[in-house]
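Reading through the structure tokens given below for one structure.
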Amino acid sequence: MSAPLETNQPAHLSLGNADVDLPRVEATAGGSGVSIANLLAKTGTVTVDPGFMNTAACTSDITFIDGAKGILRYRGYPIEQLAEHSSFLEVAYLLIHGELPTLPELEQFVERIDRHMYLPEDFREILSIQPRSSHPMAMLGAAIQTMACFYPESMDPLNPAAVELATVLLLAKMPTIVSYIHRRAAGHALLYPMRGEGYIRNFARMTFADPGEVVDLPDALVDALDTLLILHADHEQNCSTSTVRLVGSAQANLYSSISAGVAALSGPLHGGANEAVLEMLALIRDSGRDVKTFMTRVKDKQDGAKLMGFGHRVYKNYDPRAAIVKRSADKVLAALGVTDELLDIAREVEGIALQDDYFVQRKLYPNVDFYTGIIYRALGFPSSMFTPLFAFGRLPGWIAQWREMMADPTTKIGRPRQIYVGHALRDFVPITDR
Ligand code: SDX
């Protein structure tokens, strides 16, 4: 392994008879990089990096992750401190506007969002006629796109006032939409937000209360939801955030970009993993096989078995979010008076994996999805709602990253190149001669 480049010294690349300096791009924390922006023009050669394992798509000052040390910071603030002391809307303000709000700024932000939590009756009607069997993430993506139909005045991606309005409308209506998706699937009436009830408390009541029921939601439920949303709020250039940025780079509006992010997040290798973890734990419980037998199937890669909720492209250490969720799981279940044998199985799986060479050598640790499903279940959510809850939490991060990309004067429409490995030139063959 050659010595790391000295600070501000460009890398030098020799390709055949082409020599090119690759200027450095300095990080304020974590690894710096080298720019290949002129590589093709100067050498006629492109780089190839499937999955972008070695490629930074942008510079960003929103979120910092150190995968080796298990560090996560939003705008420089450690996730542990934000989870302990902040609220989801305050974190949303921080991610989107770059600084923690003053009290008047936060009160104005919260009040503006509170005012917009309602959905028009026609919008409710659209959600009400979706098949009850619709997958929640399909409904969520469609609902986000539908916002563009109802709020055309907030669509122009180049108009700062329109972008600010779209930001508020998305944050305000996401809890209402997610609660409606849950109730549609359950065949329950769609409830209305109540002004001044509080963002998370409104969401929980619209999700779980019966029509007309005055519920006294336990603080433990509201606090647990608020913390889980904070933990999911941003995660630098993950698959769905990169999708939001790529779609936005074509100057598609914020709703279209966020809806694309919802689609990417629905994949089981990404946001869909929290639902897959519960299925995996239940499979272990119901199959009667002991955990060790299941782990052997994973290590032997039988029928593509993976340890869902384990592993991460960036974290090669314990995901700090998983550590926070694991620590709070006991407290939340006890406060809600819930026990869950799947939590015991999860702990047994983790205990075995952290001692097993297969996982240790590959630096596979629990990620954010490993324990969250157990808490969501304890809160009363069906597993089909786990990924919409992930999207709910990730919304401010998607918005912040999209706005950063749109404000960056170096942004160009995303259009990767390729290496062609198909047929050489050949002539058309009439079907009678084939
Ligand atoms: C999220 O990017 C983000 O920030 C995402 C996220 C966010 O907040 O946005 O953190 C949210 O998506 C968390 C990840 C949720 N997904 C899962 O829990 C699904 C299970 N995890 C794996 O599919 C996998 O770990 C990924 C997709 C998360 C990461 O895969 P990589 O980085 O492409 O790693 P890889 O597939 O190349 O694996 C390297 C090796 C392979 O073994 P070998 O070929 O060397 O023998 O590790 C093995 C893999 O088979 N491996 C696993 C494994 N993950 C990787 N083996 C068993 N179980 C696993 N979970």
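Just the number, please: Stokes-Einstein D of the chain in µm²/s, Kirkwood Rh from C-alpha pairs, 37 °C, 0.692 mPa s. After rounding, the answer is 139 µm²/s. Computed from Cα positions, the angle between helix 199-208 and the longest principal axis of the chain comes to roughly 70 degrees. In a DSSP loop and with at most 14 other Cβ atoms within 10 Å, the chymotrypsin sites (Phe, Trp or Tyr not before Pro) in the range 341-434 are Tyr420, Phe428. Distance from the alpha carbon centroid of the range 381-401 to that of the range 95-133 works out to 14 angstrom.
Considering only Met139, Ile374, Leu231, whose Cα is most displaced toward the positive end of the charge dipole of the chain, charges sitting on Cβ of Lys, Arg (+1) and Asp, Glu (-1)? Sorting the options by dipole projection puts first Met139. Working from Cα pairs under 8 Å separated by at least six residues, relative contact order for the chain is 19 percent.
Helix 320-336 axis versus longest C-alpha principal axis of the chain: approximately 10°, rounded to the nearest ten. Loop-located trypsin sites (Lys or Arg not before Pro) in the range 10-77 (DSSP state not H, G, I, E or B) with no more than 15 neighbouring Cβ atoms inside 10 Å: Lys69.
The dipole here belongs to the range 60-125: it is taken about the Cα centre, uses +1 on the Cβ of Lys and Arg and -1 on the Cβ of Asp and Glu, and is about 280 debye. The GluC sites (Glu not before Pro) found in the range 19-108 that occupy coil by DSSP, while having at most 16 further C-beta atoms within 10 Å, are Glu26, Glu99. Quick one: pull the percentage of alpha-carbon pairs in the range 210-334 with a separation above 25 Å. More than 25 Å apart: 45 percent of the Cα pairs in the range 210-334. Scaling the Cα radius of gyration of the range 283-373 by the globular reference 2.2 N^0.38 Å produces a ratio of 1.10. Modelled spin labels at His135 and Glu348, positioned 7 Å past Cα toward Cβ, are 3.1 nm from each other.
For the chain, the solvent-accessible area of protein heavy atoms averages 50 Å² per residue (probe radius 1.4 Å; ligands and nucleic acids excluded).
The angle between the Cα long axis of helix 273-287 and the longest principal axis of the Cα atoms of the chain comes to about 70 degrees, rounded to the nearest 10.
Placing +1 on the Cβ of every Lys and Arg and -1 on the Cβ of every Asp and Glu, with nothing else charged, gives the chain a dipole about its Cα centre of roughly 1080 debye.
The values are calculated or read from the model by the stated rules, or taken from the named source; none is laboratory data. The structure displayed is predicted, hence computed values, not measured ones. Every residue, glycine as well, gets a Cβ built from its backbone with ideal geometry; the counts of neighbours run over all protein chains shown. Note: accessible area is taken over every heavy atom of the protein model, side chains too, but ligands, DNA and RNA are not part of it. Shrake-Rupley method; radii C 1.70, N 1.55, O 1.52, S 1.80 Å.
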